[in-house]
Structures are given as C-alpha cells and as structure tokens.
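Quick notes on the structure that follows.
The values are calculated or read from the model by the stated rules, or taken from the named source; none is laboratory data. Note that the structure is predicted; figures quoted are calculated from it, not measured. Positions of Cβ are generated from backbone atoms using ideal geometry, with glycine treated the same way; all protein chains shown enter the neighbour counts. What goes into the accessible areas is simple: the full protein's heavy atoms, side chains included, and nothing from ligands, DNA or RNA. Shrake-Rupley method; radii C 1.70, N 1.55, O 1.52, S 1.80 Å.
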Amino acid sequence: VQLQASGGGLVRAGDSLRLSCVVSRRTASNNAMGWFRQAPGKEREFVASISWNGGSTNYQDSVKGRFTISRDNAKNTLYLQMTSLKPEDTAVYYCAVGRTSYAGSSSNVYQYWGQGTLVTVSS
C-alpha cells in the first residue's frame, strides 16, 4: 500500500489549506485513516483520525474547530481541511492507514504511512 500526500505549502497565519492523501489500494476503504504531523525538533503527534466510513472523527484539542478530516472511499482519498492556520501548525503532515477500522490517536494503530507534505505558516 502506498500513500501520496499533497497540498502543503507556505501560507500566512489565518489562511487555509487542504491536504490530500491518495491511497494506492482500495483495501484502505475498510480501515481507519489519520493525519499526524511533526514539527522541527519535535516528535510526531496525532492531528486527526476518521473511521472507515467517515462516521466517527477524532481531533487533537489544538486543531478542534479549525481542521476537518474527511475521506472519499470511491476515490481512495483522505483529506484534511485546515483553516485559521497558526505558525504553530508548521510541520510535515503525514497521512496513515490504520490496522483496523478503529480511528485511534496512537501511531501504533496505523500500519501504512505517506511520505509527508510540508506546511509552513508564517506570522
């Protein structure tokens, strides 16, 4: 399974971006998916997750109300709509496919990872 993340870039505080992640195999439609991020000098952290059918979502507290995770299983694609971006959102964002349909926040429940897309938010 391969994941290709895209949509990152350089934006200003308050701007919006939408990240996409295309999964190479349809089997991911039965699995939860998630977004993680890693800022320079910091450990990778959970951002958001979504169950296999999109019926359940979970967010890190710092992004609640600003970020929206969604998926289109027909297109094998995961999205992260990010609004009201802040400089502290600057990081490499990674998409991941879960081991099961459980949309957890621990990286341990994810088995496949994309290469990451860089989001830089200037103040």
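Once fully extended, how much extra length lies between residue 12 and residue 88, figured as 0.36 nm per residue of separation less the alpha-carbon to alpha-carbon distance?
Contour length minus the Cα-Cα distance gives 26.2 nm.
Could you give the distance between the Cα centres of the stretch 25-88 and the stretch 91-109, to the whole Å?
8 Å
Roughly how many debye, to the nearest 20, is the charge dipole of the stretch 2-123 about its Cα centre, given +1 on each Lys and Arg Cβ, -1 on each Asp and Glu Cβ, and no other charges?
In total the dipole reaches around 260 debye.
Could you state how much accessible area residue 17 has, in square angstrom rounded to the nearest 10, with a 1.4 Å probe and all protein chains kept in place?
Only protein atoms counted, so the area is about 30 Å².
When the convex hull of the Cα atoms of the chain is projected onto a plane and the area is averaged over all directions, what value comes out in nm²? Numbers along the way, then the final one.
Details: hull surface 26.1 nm².
Here the figure is 6.5 nm², rounded to one decimal.
Can you tell me what share of the DSSP beta bridges in the chain is antiparallel? A percent to the nearest 5 is fine.
Looking only at bridges with both residues in the chain, the antiparallel portion is about 90 percent.
Evaluate the relative contact order of the stretch 1-114 (contact order divided by residue number), counting alpha-carbon pairs under 8 angstrom at least 6 apart; express in whole percent.
35 percent
Accessible area per residue for the chain in Å², computed with a 1.4 Å probe and the full protein assembly in place, what is it?
Numbers: 6190 Å² over 123 residues.
On a per-residue basis, the chain sits at 50 Å².
Note down the accessible area of residue 79, probe 1.4 Å, to the nearest 10 Å².
We get 40 Å² for residue 79.
Under a cut-off of 13 Å between alpha-carbon atoms, report the aspartates and glutamates in cross-link reach of residue 64, not counting same-chain residues fewer than 8 places apart.
By straight Cα distance, residue 64 reaches 89.
How large, in percent, is the carbon and sulfur part of the accessible surface of the stretch 26-67 at a probe radius of 1.4 Å?
Answer for the stretch 26-67: carbon and sulfur cover 44 percent of the accessible area.
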